[in-house]
Structure formats: C-alpha cells, structure tokens
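Working notes, beginning with the structure itself.
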Amino acid sequence: MSTRAKYGIHAMLDLAMNRGTGPQSIKLIAERQGIPEQYLEQLIALLRREGLVSSVRGAQGGYLLSSPPGDITMAELMRVLEGPISLSNCLEDQDCCDRACVCSARRVWERLSQSIDQVLHSVTLEDMLEDHMRLQAEMEEPL
C-alpha cells in the first residue's frame, strides 16, 4: 500500500473522528495525523473531486465527510487513492500470458484477489472508527 493510500485513509479517519465538530482545516488534520500539509492538500482535493469529502468556505471553513462513515467502504477509498487493485497482470488482461487459461497460479491470484475485495467491501470507515475507539480504550485501561 502506498503512502498516498495510508495518508488518505488516516485523513478520512480523522474526519470521521471529528464528525459533528464542524469543518476541519487541512492544517489541523495534518498536525493530528502527521501528514505533510502540502501532500494532504493534494489528497483532500482528490477525495473532494471523487465526492468523499465536502468543503466549507470561510474563516471557520474546512472539510467534512460527504457521507456518513458507515456508507464509505475501504473498497471505495482504495479505488480512489490507489486505483484498481490487481495482484497480477493476467487477472486484468488474459492476453498478457500464453498460459492464462491453464495457469494454476492464476487461479490462486483470482481467489486471493476476491478475498481482498470481499474484505475491502465489508469494512467501512465506521468500522475503522469503532476499532480505533476500542484500541484507544484498551490502551487507557490499567494493567
């Protein structure tokens, strides 16, 4: 997974964590998540173009999630941030290999790719937020 995807997911998680507190500035998100501000500006612009983030202008402006966290899947985020996920060229283009039709390794890549897709489609930003909250609570519990 690229830095772009990691930073983009952290930025979206930050917006989910701060949902209901008003628009979040790039500066605040960058500080909280340890993301370079200029890089975050590019990511937010992409997420906004793709309809995942909304902007609010003005002195108290910033960015908000465009949809509830439960409606945003990891599959959607990865598609926007990384593009199509493909483990092998032959999954996208059977003509790239003379053995694609009889290749047992290709069948493994297909199954693995389907499993990854299943997980990415089943996990929402809300799920990640709940995991984050649970992990934070566990860290705060005395031993």
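The values are calculated or read from the model by the stated rules, or taken from the named source; none is laboratory data. From a predicted model like this one, the values you see are computed outputs, not experimental measurements. Cβ atoms come from the backbone with ideal geometry, glycine included; neighbour counts cover every protein chain shown.
Computed quantities for the displayed model
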| read-out | value |
| --- | --- |
| Segment 37-84, residues that are in contact with a helix residue (DSSP H, G or I) (Cβ under 6 Å, 6 or more places away or on another chain), at pLDDT 95 or above and of a type in the set (D, E, K, R) | Glu37, Glu41, Glu50 |
| Residue ID - surrounded by the most Cβ atoms within 10 Å (Cβ to Cβ), chosen from residues in segment 21-31 that are hydrophobic (A, V, I, L, M, F, W, C) and under 23 Å from Ser2 (Cβ atoms) | Ile29 |
| Residue match in segment 100-117 (condition: at pLDDT below 95 and within 15 Å of the chain's Cα centre (by Cα)) | yes |
| Matching residues in segment 46-73 - criterion: being over 13 Å from Gly22 (Cβ atoms) and in contact (Cβ under 8 Å) with a residue 60 or more places away in the chain | Pro69, Ile72 |
| All positions within segment 32-45 that are touching a residue at least 12 places away in the same chain (Cβ under 8 Å) and either touching a Cys at 6+ places or on another chain (Cβ under 7 Å) or more than 27 Å from Ile85 (Cβ to Cβ) (or both) | Arg32 |
| Cross-chain or 6+ apart pairs with Cβ under 6 Å, segment 123-141 first and assigned to a loop (DSSP other than H, G, I, E, B), then modelled with pLDDT of 95 or more | Val123/Met74 |
| Residue selected from segment 11-31 under the condition out of contact with any Gly (no Cβ under 7 Å at 6 or more places or on another chain), assigned to a loop (DSSP other than H, G, I, E, B) and touching a residue at least 40 places away in the same chain (Cβ under 8 Å), by the criterion farthest from Arg134 (Cα to Cα) | Gly22 |
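Let's see how each residue does on (1) loosely packed, with under 15 Cβ neighbours inside 10 Å; (2) among the aliphatic types (A, V, I, L, M); (3) in contact with a Lys or Arg (Cβ under 8 Å, 6 or more places away or on another chain); (4) closer than 21 Å to Glu130 by Cβ:
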position	(1), (2), (3), (4)
Gln33	no, no, no, yes
Glu37	yes, no, yes, no
Gln42	yes, no, no, no
Glu50	yes, no, no, no
Ser54	no, no, yes, no
Gln60	yes, no, no, no
Leu64	no, yes, yes, yes
Asp71	yes, no, no, yes
Glu76	no, no, no, yes
